[in-house]
């Protein structure tokens, strides 16, 4: 079975702050990272600025800035890069970022890669109803994701701010 993105996505409603509820492990993110957020904003040229922040295993604030390119023919699909702006021309340095499920209020989203290596459950608040979480993870399982190594992201209710990053 193929991984299937949502058929429609209102990018303007998707933009904004999301809290990471959980994820599959990634080599570029500490397994014990906490207070993980992603904030998406539209740039003048139509690309999406991706601002990922968290507290690492030592409690230090970290930030990764990226850029996403929406696919005009497949609204639920974006390509993301976290390379510095001067290196983004290098071929094969983007990753697929597909919205697999999103609720009508755009308050919960399941995002993954079509190769099933990466998966994120996102919420507009740092806490999510267990029933909602179970339903979204069931969608991931139905699309063939292995949730055995699933990491539940610790959220304290606060987030890494610009001031927190500047103080490090």
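The values are calculated or read from the model by the stated rules, or taken from the named source; none is laboratory data. All of these numbers come straight from a predicted model, not from anything done at the bench. Because the Cβ atoms are built from the backbone with ideal geometry, glycine has one as well, and the counts that use them run over all protein chains shown.
Does at least one position in the range 29-46 carry a residue that is without any contact (Cβ under 8 Å) to a residue 12 or more places away in the chain and within 20 Å of residue 110 (Cβ to Cβ)?
Going through the range 29-46, the residues without any contact (Cβ under 8 Å) to a residue 12 or more places away in the chain turn out to be 44-45.
Applying the additional criterion that residues be within 20 Å of residue 110 (Cβ to Cβ) yields none.
Looking for residues that are without any contact (Cβ under 8 Å) to a residue 12 or more places away in the chain and within 20 Å of residue 110 (Cβ to Cβ), one finds none in the range 29-46, hence no.
Are any of the residues in the range 133-148 buried (at least 17 other Cβ atoms within 10 Å of the Cβ), assigned to a loop (DSSP other than H, G, I, E, B), modelled with pLDDT under 95 and within 17 Å of the chain's Cα centre (by Cα)?
no
Examine the range 105-115 for a residue that is exposed (fewer than 14 other Cβ atoms within 10 Å of the Cβ), at pLDDT below 95 and under 22 Å from residue 17 (Cα atoms), and state whether such a residue exists.
no
Go through (1) farther than 17 Å from residue 35 by Cβ; (2) loosely packed, with under 14 Cβ neighbours inside 10 Å; (3) in contact with a strand residue (DSSP E or B) (Cβ under 7 Å, 6 or more places away or on another chain) for residue 102 and report which single condition fails.
Just one mismatch for residue 102, condition (2).
In the range 155-168, what residues are surrounded by fewer than 14 Cβ atoms within 10 Å (Cβ to Cβ) and either modelled with pLDDT of 95 or more or more than 17 Å from residue 18 (Cβ to Cβ) (or both)?
Step one: list which residues in the range 155-168 are surrounded by fewer than 14 Cβ atoms within 10 Å (Cβ to Cβ), which gives 156-158, 161-163, 165-168.
Within the range 155-168, 156, 162, 163, 165, 166, 167, 168 meet the criteria.
Please identify the pairs in which a residue from the range 138-154 that is within 12 Å of residue 23 (Cβ to Cβ) has its Cβ atom under 7 Å from the Cβ atom of a residue that is assigned to a loop (DSSP other than H, G, I, E, B), counting only partners at least 6 apart or on another chain.
Listed by first residue and then by second, the contacts come to 140/147; 145/116; 149/24; 149/25; 150/24; 151/25; 151/31.
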